[in-house]
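So the structure is just underneath, and the comments pick up after that.
Computed from the coordinates by the stated procedures, all read-outs in this text should not be read as laboratory data. Quick caveat, the model's predicted, so the values are computed rather than measured. A quick note on method: Cβ atoms are made from the backbone with ideal geometry, for glycine too, and the neighbour counts reach across all protein chains shown.
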Amino acid sequence: MNLNFMKHKSNIHILELNAYTAPRVFEERNDDFVSIGDDNNYYQYIIDRYIGSTTNHAILNGVTNFVYGHGLDATDSSEKPEQYAQMMSLLKKKDLFRVVQDFIILGEGAFQVTYNKQRKIEKLTYFPRQTLRAEKCNEKGEIDAYYYHRDWKEYNRNDKLKRIPVFGTSKEQNELFIVKKICSRISLL
């Protein structure tokens with residue numbers, strides 16, 4: 001990324017992100033997942049830049065803390081204390097913070113949703129986003145699952161990947177809820 005800073009007479013600084021290059025996202029015929037980055041390790045590349053730059057690290061930590069704020073709350077917690085307590089018991093503060101951090105750094109975060117035997121949500125826990133790759137889309141263009149590998153840089157075709165379904169699409173004990181930005185396209189007529 002090439003950043004150009006220009007100082008004008010009015011003491012206003014303009015930041016131009018004129019050289020941003022999006023990662024290559026592609027499907028290999030023999031794989032069930034979608035690769036991201038030429039070496040399928042784009043998320044780790046971003047994490048390495050976060051760790052390796054004190055400026056980048058400080059900015060992203062500040063934004064993460066700003067977005068996380070005081071954690072999760074509800075405007076009607078005093079009217080519905082039982083539901084509020086139930087919500088708070090599902091998610092630990094450290095898990096929420098880590099999902100927010102991944103969202104800020106990587107543009108996406110992941111919760112693992114764990115169900116009890118009655119199919120009620122038992123807990124929500126952080127799942128490292130960089131360890132997941134989306135399954136190829138179904139006929140409707142939807143992602144039904146993600147594949148887990150502890151280190152995609154070390155992945156080879158003989159490795160057995162763990163398939164984890166997306167929230168609300170299965171009867172399995174664990175599913176994934178991916179938090180991501182929604183892009184909309186504005187068209188002028």
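Considering only alpha-carbon pairs that sit under 8 angstrom and 6 or more positions apart, the relative contact order computed for the range 3-180 is 18 percent. If you take the Cα centroid of the range 115-163 and the Cα centroid of the range 39-86, the two points sit 21 Å apart. Among E135, E175, E27, the residue with the largest mean-square fluctuation in a Gaussian network model of the chain, with springs joining Cα atoms closer than 10 Å, is E27.
Over 25 Å between Cα atoms: which of K92/K180; K94/K136; K93/K136; K94/K120; K94/K180; K117/K140 fall into that group? List each step's numbers first, then the result.
On the way: K92/K180 20 Å; K94/K136 31 Å; K93/K136 32 Å; K94/K120 22 Å; K94/K180 19 Å; K117/K140 30 Å.
Cα-Cα > 25 Å for K94/K136; K93/K136; K117/K140; rest within.
Enumerate by residue number the trypsin sites (Lys or Arg not before Pro) in the range 37-122 meeting two conditions: DSSP loop (anything except H, G, I, E, B), and at most 11 other Cβ atoms within 10 Å of the site's Cβ.
On the way: sites: R49, K92, K93, K94, R98, K117, R119, K120; in loops: K92, K117, R119, K120.
Passing sites in the range 37-122 are K117, R119, K120.
What do you get for Rg/Rh of the chain when both radii come from the Cα atoms and Rh is the Kirkwood radius? Rg/Rh for the chain comes to 1.02. In a Gaussian network model over the chain where Cα atoms closer than 10 Å are linked, find which of A58, A145, A74 has the largest mean-square fluctuation. Among A58, A145, A74, the largest mean-square fluctuation in the Gaussian network model of the chain belongs to A74. 3J(HN,Hα) along the range 142-157, derived from phi through the Karplus expression 6.51 cos²θ - 1.76 cosθ + 1.60 where θ = phi - 60°, amounts to 9, 8, 8, 7, 10, 9, 9, 9, 4, 8, 5, 5, 8, 5, 9, 4 Hz, with x in place of Gly and Pro.
Out of the DSSP beta bridges found with both residues in the chain, what percent are antiparallel (nearest 5)?
Details: 28 of 30 bridges.
About 95 percent, rounded to the nearest 5.
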